[in-house]
Amino acid sequence: MDSHLLLCQAIADLIITNSPPRITFAEYMDMVLYHPEYGYYASDAVKIGFQDSDFFTSANLGSDFGELLTKQFYQMWEILDQPLSFNLVEMGAGQGILACHILNYAKQEYPDFFAAVKYIIVEKSQSLKQEQQQRLQDFSVDWCNLEEITPNSIIGCFFSNELVDAFPVHQFILDGGELREIYVTVEQKPEEENSALPIFIEIMAEPSTPQLAEYFKLVGIDLSPNTYENGYRSEINLAALKWLGIVADCLQRGYVLTIDYGYPAHRYYHPRRNQGTLQCYYQHRHHDHAYINIGRQDITAHVDFTALSSWGERCGLKKIGWTQQGLFLMALGIGERLAALSFQPQPISQLLQRREGLHQLINPGGLGNFGVLVQSRGLTAQEASQPLQGLIVPE
């Protein structure tokens, strides 16, 4: 039996052992993506890049993204008065490409900073971890789970690129003015139907936790029937709040840098966005069918940056700034890199490829529209007064 069937059966078994026989969509998404044996990220199903893949990230477009991030990390190190040990904690490192670009550039351009860097990768996927270890074997890198990091121990920066969008989300729907949660159950098949594959269907019921209703108080959204139509549907990412709380507890002095696609809450929960943001990615195509290609496709939802900012404040993280990736990279010098291409003695095909990659990083209709949230903890008043280069609005 292949992993797809085994995963479907494992989900069905979990459902029928519950009373009533159902699981939240968040539990379903967690199993689909992170089941330790058959989940999308736990198996060889995950494909990142351009050829025969499901999606690509900024790091797949060349070394510029990682090099510009390194410039920002270097300034953070300087603001913190150049500590002898500066932790760079990358959460969800994919294939290890971004880490490789960061460490290579730091070694070449900022040797004193490179000597101080202690690079840590937090990775749940064993298959991706093995790929990272192979790619980064020339560098000193530690791997661990987030829960293994000692509280109040990190001086440096926690950062992630397209991580939070892959956290399991609860789905809700407004029914008669009431908040109802969407659950997943197994369809009862006729006895004569001999299919080995379970069929998953959705049902509505009362919320599984009061945190779902409390979430909207956190982000300042009133789900009034006067504003939101019956049947309005969207997602709530409670896992992101739990994750950020753990990160905040671990950070003694320094920053949290989160890059992802998403919106502030008033745009995320706009009444016209009445079907939410959930998307599935399979072979560079996206759709909203979460119950097909189970274990073979990525499932994501946009990030609510208002929630991260507001919850961060409750956890002791101060919001330094929020911007878009295009503006962030422009402030760090991507424009100068584009201008310098005309003077580089490279084959025209390579120059055009790099130019295209740089433009994609700042394209306002794509990666350039990603959100960049920077939070801090433990900074002195003098340190906090120094603006980060990536958040300075380009003139």
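If you scan the stretch 341-350, which residues turn out to be surrounded by 10 or more Cβ atoms within 10 Å (Cβ to Cβ) and of a type outside the set (S, T, N, Q)? Matches in the stretch 341-350: Leu341 only. For first residues located in the stretch 345-370 and under 16 Å from Gly62 (Cα atoms), partners that are open to solvent by 70 Å² or more (accessible area, probe 1.4 Å) and of a type in the set (S, T, N, Q) and lie 6+ apart or on another chain with Cβ distances below 9 Å form the pairs Leu351/Ser342; Arg354/Gln346. Of all residues in the stretch 364-387 being more than 19 Å from the chain's Cα centre (by Cα) and among the hydroxyl-bearing types (Ser, Thr, Tyr), which is nearest to Gly245 (Cα to Cα)? Residue satisfying both the conditions and the ranking: Thr380. All of Gln325, Gln375, Gln353, Gln360 fail the test of being polar (S, T, N, Q), open to solvent by 60 Å² or more (accessible area, probe 1.4 Å) and either on the phi < 0 side of the Ramachandran plot or in contact with a strand residue (DSSP E or B) (Cβ under 9 Å, 6 or more places away or on another chain) (or both), apart from Gln353. Does Asn104 meet the test of being among the polar types (S, T, N, Q) and surrounded by 22 or more Cβ atoms within 10 Å (Cβ to Cβ)? Against the criterion (among the polar types (S, T, N, Q) and surrounded by 22 or more Cβ atoms within 10 Å (Cβ to Cβ)), Asn104 does not qualify. Collect the residues in the stretch 208-239 that are under 23 Å from the mean Cα position of the chain (by Cα), under 16 Å from Thr24 (Cβ atoms), open to solvent by 40 Å² or more (accessible area, probe 1.4 Å) and touching a residue at least 60 places away in the same chain (Cβ under 8 Å), keeping them in residue-number order. If the condition is that a residue be under 23 Å from the mean Cα position of the chain (by Cα), under 16 Å from Thr24 (Cβ atoms), open to solvent by 40 Å² or more (accessible area, probe 1.4 Å) and touching a residue at least 60 places away in the same chain (Cβ under 8 Å), then Arg233 is the only one that fits.
Listed here are the residues, each with its yes/no results for (1) buried (at least 20 other Cβ atoms within 10 Å of the Cβ); (2) in contact (Cβ under 8 Å) with a residue 24 or more places away in the chain; (3) on the phi > 0 side of the Ramachandran plot; (4) under 16 Å from the mean Cα position of the chain (by Cα).
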| site | (1), (2), (3), (4) |
| --- | --- |
| Ile259 | yes, yes, no, yes |
| Tyr269 | yes, yes, no, no |
| Gln279 | no, no, no, yes |
| Ala307 | yes, yes, no, yes |
| Glu313 | no, no, no, no |
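Exactly one residue out of Glu336, Glu383 is in a helix (DSSP H, G or I), within 29 Å of Pro151 (Cβ to Cβ) and of a type in the set (D, E, K, R): that is Glu383.
Restricted to the stretch 328-340, and to residues there that are in contact (Cβ under 8 Å) with a residue 40 or more places away in the chain and open to solvent by less than 60 Å² (accessible area, probe 1.4 Å), the residue that is nearest to Ile236 (Cα to Cα) is Phe328.
Residue count for the stretch 188-200 satisfying the condition of being surrounded by 12 or more Cβ atoms within 10 Å (Cβ to Cβ) and modelled with pLDDT of 75 or more: 4. Of everything listed in (1) more than 19 Å from the chain's Cα centre (by Cα); (2) over 21 Å from Leu244 (Cβ atoms); (3) open to solvent by less than 20 Å² (accessible area, probe 1.4 Å), the single unmet condition for Gly96 is (1).
Report yes if Arg273 is at pLDDT 95 or above, open to solvent by 30 Å² or more (accessible area, probe 1.4 Å), of a type outside the set (Val, Ile, Thr) and within 17 Å of Asp165 (Cβ to Cβ), otherwise no. Judged against the criteria, Arg273 is a match. Checking the stated criteria, His289 turns out to be without any contact (Cβ under 8 Å) to a residue 12 or more places away in the chain and either open to solvent by 40 Å² or more (accessible area, probe 1.4 Å) or under 16 Å from the mean Cα position of the chain (by Cα) (or both). Here are some conditions: (1) buried (at least 17 other Cβ atoms within 10 Å of the Cβ); (2) in contact with a strand residue (DSSP E or B) (Cβ under 8 Å, 6 or more places away or on another chain). Gln133 meets all but one. Which one does it not meet? Only one criterion in (1) buried (at least 17 other Cβ atoms within 10 Å of the Cβ); (2) in contact with a strand residue (DSSP E or B) (Cβ under 8 Å, 6 or more places away or on another chain) is unmet by Gln133, namely (1). Taking the criterion of being open to solvent by 80 Å² or more (accessible area, probe 1.4 Å) and at pLDDT below 95, the residues of the stretch 107-130 that qualify are Lys124, Gln126, Gln130.
The values are calculated or read from the model by the stated rules, or taken from the named source; none is laboratory data. The structure displayed is predicted, hence computed values, not measured ones. Neighbour counts are summed over all protein chains in view; Cβ atoms, including those assigned to glycine, are modelled from backbone coordinates with ideal geometry. For accessibility, only protein heavy atoms count, side chains too; no ligands or nucleic acids. Shrake-Rupley method; radii C 1.70, N 1.55, O 1.52, S 1.80 Å.
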